[in-house]
Amino acid sequence: MPDTHALGILGGTFDPIHFGHLRLAQEVADALSLSEVRFIPGGTPPHRAAPHSSAQHRVAMVRLAIEDNPLFVLDERETRRDGPSYTFDTLAALRAELGAAQPLVLIMGADAFTAFNRWHRWRDIFALAHIAVAHRPGAALMQINDTALQQAFLQRRTDNGEAVHRAPAGCVIEVPITALDISATAIRGLLQARRSARYLMPPAVLEYIEHNYLFLRGNFDNAAG
């Protein structure tokens with residue numbers, strides 16, 4: 001059994017980061033006794049449109065959002081890497097740095113996991129990390145349409161939080177979290193309409209957005225600078 005506790009990994013565009021991201025990380029960390037959660041802003045996402053704000057702005061917003069929580073750590077590796085930001089590559093790099101015995105836990109929502117079979121080298125990710133699938137309390141069992149993913153889920157699923165500390169990778173565990181219906185898309189819409197986004201993100205992040213005129217309608221060229 002490894003001597004160190006499992007380390008959590010939360011990736012995303014964070015365009016912008018908000019309380020939904022932060023509460024997700026905190027609740028999964030608490031439920032699984034994670035030693036830390038690394039926030040990894042994506043560089044060039046392979047499966048979605050380019051972010052509305054630049055990597056520099058998104059990294060700055062994440063730094064502000066997590067600065068008062070010693071459990072959270074910013075990792076900039078994807079924004080510094082050329083080409084698409086594949087989770088497999090990020091996990092492989094972390095594994096090389098931290099060693100074969102360090103348990104890693106990739107955190108994602110249930111919706112993301114149901115499309116996990118579309119990810120680059122998704123089967124190989126199980127050899128690099130555990131997966132914590134966050135869902136709303138009382139939510140129905142995930143509807144996984146892909147047969148290969150469904151089989152992998154059933155084979156690897158565990159209800160024992162200790163399992164993520166006993167092996168470096170390979171388990172899938174579901175974690176119920178508080179249902180916060182907050183999305184970056186909705187926040188951008190509020191900001192573009194000159195409406196308040198208070199109480200949806202840390203005040204320091206909102207102040208940064210306002211100071212840099214991010215997400216204003218017709219102002220994406222400015223935001224991407």
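Observations
- For region 101-174 versus region 3-46, the inter-centroid distance based on Cα atoms is 15 Å.
- Surface share of carbon and sulfur [accessible, 1.4 angstrom probe, percent] for region 82-161: 46
- Estimated from the Cβ-Cβ distance and a Förster radius of 22 angstrom, the FRET efficiency linking residue 71 and residue 100 is about 0.35.
- For region 172-187, the residues whose amide N sits under 12 Å from a probe point set 7 Å from the Cα of residue 136 along the beta carbon direction are 177-182.
- More than 17 Å apart - percent of Cα-Cα pairs taken over region 41-164: 66
- Amide hydrogen neighbours beyond the local backbone of residue 6, cut-off 5 Å, H modeled: 35
- Residue-normalised accessible area of the chain, given per residue in Å² at a 1.4 Å probe: 50
- Rg and Dmax over the alpha-carbon atoms of the chain stand at 17.4, 54 Å.
- Cα gyration tensor, region 1-103 - rounded (a/c under 1.5), prolate or oblate: oblate
- Shape of region 52-116, Cα gyration tensor, a/c cut at 1.5: rounded
- Within region 141-212, trypsin sites (Lys or Arg not before Pro) in DSSP loop having at most 14 other beta-carbon neighbours inside 10 Å: 194, 195, 198
- Nearest 10 degrees, 0 to 90: helix 87-98 Cα axis against the chain principal axis: 70
- The angle between the Cα long axis of helix 19-32 and the longest principal axis of the Cα atoms of the chain comes to about 20 degrees, rounded to the nearest 10.
The values are calculated or read from the model by the stated rules, or taken from the named source; none is laboratory data. This one's a predicted model, so the numbers in the text were calculated from it and none came from an experiment. Positions of Cβ are generated from backbone atoms using ideal geometry, with glycine treated the same way; all protein chains shown enter the neighbour counts. For accessibility, only protein heavy atoms count, side chains too; no ligands or nucleic acids. Shrake-Rupley method; radii C 1.70, N 1.55, O 1.52, S 1.80 Å.
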